[in-house]
Amino acid sequence: MKIIFQDLHKGELKVEVNSLDDLWYLSHCIEASDEVEGRTLRKIKLGDDSGQNTKIVKKPVFLKIKVERIEFEKFSNGLRISGKITQGPEDIPLSSYHTIEIEEGTVIKIIKKSWPKYLLQKIHEACEDKGTKILIIALDRDEVTFALLSASGYKILADLEGEVGKKGYANTQEKEFYEEVAKHVEEYAKRYEVVHIIIGSPAFWKENLLKVIKKSYNTLTSKITLATCNAMGKNAIEEILKRDEVKTVLKQDRTVRETMLVEDLFKEIAKVSLSAYGFKEVKEAAEAHAVKILLVSDEYLREKRESGGYILLDSMMREVERSNGEVHIISSEHDAGKKLIGLGGIGVILKYPLK
């Protein structure tokens, strides 16, 4: 999760949702009587009052609602916030009901009369930079911008400009420029311990830089992903961030972290004493305040929503949080997530043996 804006004197906190875990955190932080505002889709009837030639369309609007109900969507990984509209366009009646659907990528503002410390702590926990750093390089023929991407956003590290001769003229200046850029890549990769490097450029500049890196800093090659961009400077960084290549890298990064968590659980299962899996055993561990890490498959969550068993599961997850345990929602799209499903979809690493 990323905090975009806050004014706690007014009770306002604006956040961007970045993961499934964020949805679970928000489901506990948003309460009835809060106000939530954001961009959403609203069904609008177009046509005359006679009912002829009318049609219903979904229109993007910016609304504020007073929250009455908070629930996970039944068939997908989304959070539904429902209540009466308190602010919106003139053609949408106030006090009518609306549901704002929150998913990964959604930006919302939450407004409370006051923010309790424990809820603010939850939000900040969700915003902690738990992911690996990604170095982004936006390259043109004689200019380069370096940026560092983390879970909380990106920051520009440097803008460099080289002295490169006119197009069509072979000279050593271009080679020297790429060598300088490659040296900076190596320095930033080491300084910030980056795991992924994304190089974006128009034309073939990125391939030229990659050749220099392969020759001088070969150990970096496996970390590099190439992307295309047409802008320069900060605009180029923004453009690269929207590319599918970046989304793929971020997804891989999350998969690595989730795989490590599941593997840690299986290591404890092999040792027998500090693990439990299956709803009954996990519930007993949660009630004993013995859970260090709780892993729940997103597929298991969906099943519980559909079967009506989510309230008990949610209560157990809250109990783990209250006893200072960690809760992680694991995607079922990768092999580690499938292994967790094989255990029944839920498992825990314990703080101490129960038996």
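The values are calculated or read from the model by the stated rules, or taken from the named source; none is laboratory data. Not measured: the values here are computed from a predicted model. Here Cβ is always computed from backbone atoms with ideal geometry, including for glycine, and neighbour counts include all displayed protein chains.
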Does region 67-86 contain any residue that is modelled with pLDDT of 75 or more and assigned to a loop (DSSP other than H, G, I, E, B)? yes
Test: residue in region 245-256 that is in contact with a helix residue (DSSP H, G or I) (Cβ under 9 Å, 6 or more places away or on another chain), surrounded by fewer than 18 Cβ atoms within 10 Å (Cβ to Cβ), at pLDDT below 95 and among the β-branched types (V, I, T): yes
Of everything in region 87-140, what is part of a loop (DSSP other than H, G, I, E, B) and within 19 Å of the chain's Cα centre (by Cα)? Give them in sequence order. E103, E104, G105, T106, E128, D129, K130, G131, T132, K133
Go through the residues of region 307-322 one by one and say whether even a single one is of a type in the set (D, E, K, R), touching a Lys or Arg at 6+ places or on another chain (Cβ under 9 Å) and within 19 Å of L20 (Cβ to Cβ). yes
Please count how many residues of region 322-338 are assigned to a helix (DSSP H, G or I) and touching a Leu at 6+ places or on another chain (Cβ under 9 Å). 1
E303 being part of a helix (DSSP H, G or I) and within 30 Å of L135 (Cα to Cα): no
Residue identified as in contact (Cβ under 8 Å) with a residue 24 or more places away in the chain and either over 28 Å from the mean Cα position of the chain (by Cα) or under 30 Å from K355 (Cα atoms) (or both) among V296, V272: V296
Yes or no: region 163-179 includes at least one residue that is in contact with a Phe, Trp or Tyr (Cβ under 9 Å, 6 or more places away or on another chain), modelled with pLDDT of 80 or more and not assigned by TED's automatic domain parsing to the domain that holds L23. yes
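The rows are residues; the columns are (1) small (G, A, S); (2) closer than 30 Å to P202 by Cβ.
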| position | (1), (2) |
| --- | --- |
| N235 | no, yes |
| E238 | no, yes |
| K242 | no, yes |
| R254 | no, yes |
| S275 | yes, no |
| G278 | yes, no |
| V282 | no, no |
| H289 | no, no |
| I293 | no, no |
Can you name the condition, by its number, that A231 falls short on among (1) in a helix (DSSP H, G or I); (2) over 22 Å from Y188 (Cα atoms)? (1)
Quick one: which residue in V212, V249 is in contact with a His (Cβ under 6 Å, 6 or more places away or on another chain) and closer than 23 Å to E186 by Cα? V249
Lone unmet requirement of (1) in contact with a Gly (Cβ under 7 Å, 6 or more places away or on another chain); (2) outside the structural domain of D142 (by TED's automatic domain parsing) for A227: (2)
For the structure I just gave you, tell me whether S27 is at pLDDT 80 or above, surrounded by 16 or more Cβ atoms within 10 Å (Cβ to Cβ), closer than 16 Å to E71 by Cα and polar (S, T, N, Q). yes
Test set (1) surrounded by 19 or more Cβ atoms within 10 Å (Cβ to Cβ); (2) of a type outside the set (A, V, I, L, M, F, W, C); (3) under 29 Å from E303 (Cβ atoms); (4) at pLDDT 90 or above - E35 fails condition number: (3)
For the structure I just gave you, tell me whether V212 is assigned by TED's automatic domain parsing to the domain that holds K175, modelled with pLDDT under 95 and closer than 22 Å to I330 by Cα. no
How about region 261-296: which of its residues are under 16 Å from G342 (Cα atoms) and part of a strand (DSSP E or B)? S275, A276, Y277, L294, L295, V296
Residue in region 300-318 that is surrounded by the fewest Cβ atoms within 10 Å (Cβ to Cβ), counting only those that are in contact (Cβ under 8 Å) with a residue 60 or more places away in the chain and among the basic types (K, R): R318
Determine whether region 140-150 contains at least one residue that is among the acidic types (D, E) and modelled with pLDDT under 80. no
